[in-house]
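Here's the structure we're looking at; comments come further down.
The values are calculated or read from the model by the stated rules, or taken from the named source; none is laboratory data. Predicted model only: the values in this text are computed from it and were never measured. Backbone-built Cβ (ideal geometry, glycine too); neighbour counts: all protein chains shown. Surface areas here come from the heavy atoms of the whole protein model, side chains and all, with no ligands, DNA or RNA. Shrake-Rupley method; radii C 1.70, N 1.55, O 1.52, S 1.80 Å.
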Amino acid sequence: FELTEEGLSWRFAGRTGLWPYADITAIRLSYRPVSMQAKRFRADVTNRDGRRLSIISTSWQTAALMAPQSEAYRAFVVGLHARLAASGSTARLTAGLGRFAYGAALAAIALFALAMVGLLLRALLIGEWPGALFLVGFAAMFAWYVGGFLTRNLPRSYTFADIPPALLP
């Protein structure tokens, strides 16, 4: 991906293209960690034709190793926003997950929390102290990881001048 005077130039899997800044209609920023890269961010750029490019803050080095491109990704996303603003773009800027996906994630976590509380109460009632301690530790770790994911991916809109810092490396 490259920001040129004419627009967003891209080359991917043997295909190339150039999207003029005026043709970019939407950008969605999100936080998308994976097992091999906990600090992974994503920008989905949509053009007038409905085509979408996903720009990710990591790149594959080998079949199992991902390398962070944090500074280059940050500079690219900030630069893209600056060029769109300078061109007078009316692109829709959104951050986080879609509202339906976010609601489904909250519902799943609520069900999980209810099950964990039930297991914890059962462990306490029968005096299974190591099991209760394990559940408390597991719940704390789960809240740390999933809480960070949900906090960063809260659905919202933003402006060119106010890019959400939690969605940039």
message = Step by step: first the residues of the stretch 24-55, then only those that are among the basic types (K, R) and part of a strand (DSSP E or B), then the one that is modelled with the highest pLDDT. Which residue is that?
response = R28
task = List the number of the failed condition for G131; all other conditions in (1) outside any helix (DSSP H, G or I); (2) over 22 Å from R40 (Cβ atoms) hold.
result = (1)
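From the list R83, R122, exactly one residue is in a helix (DSSP H, G or I) and surrounded by 14 or more Cβ atoms within 10 Å (Cβ to Cβ). Which is it?
Result: R83 is the single residue among R83, R122 that is in a helix (DSSP H, G or I) and surrounded by 14 or more Cβ atoms within 10 Å (Cβ to Cβ).
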task = Mind listing whichever residues of the stretch 125-139 are open to solvent by less than 60 Å² (accessible area, probe 1.4 Å) and closer than 24 Å to F149 by Cα?
result = L135, G137, A139
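Being closer than 26 Å to G7 by Cα and in contact (Cβ under 8 Å) with a residue 12 or more places away in the chain: is that true of L97 here? Let's see the steps before the verdict.
Values: closer than 26 Å to G7 by Cα: no; in contact (Cβ under 8 Å) with a residue 12 or more places away in the chain: yes.
So L97 does not fit the description; no.
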ask   = When you go through G148, G103 one by one, which is the residue that is modelled with pLDDT of 90 or more, of a type outside the set (F, W, Y) and open to solvent by less than 40 Å² (accessible area, probe 1.4 Å)?
value = G103
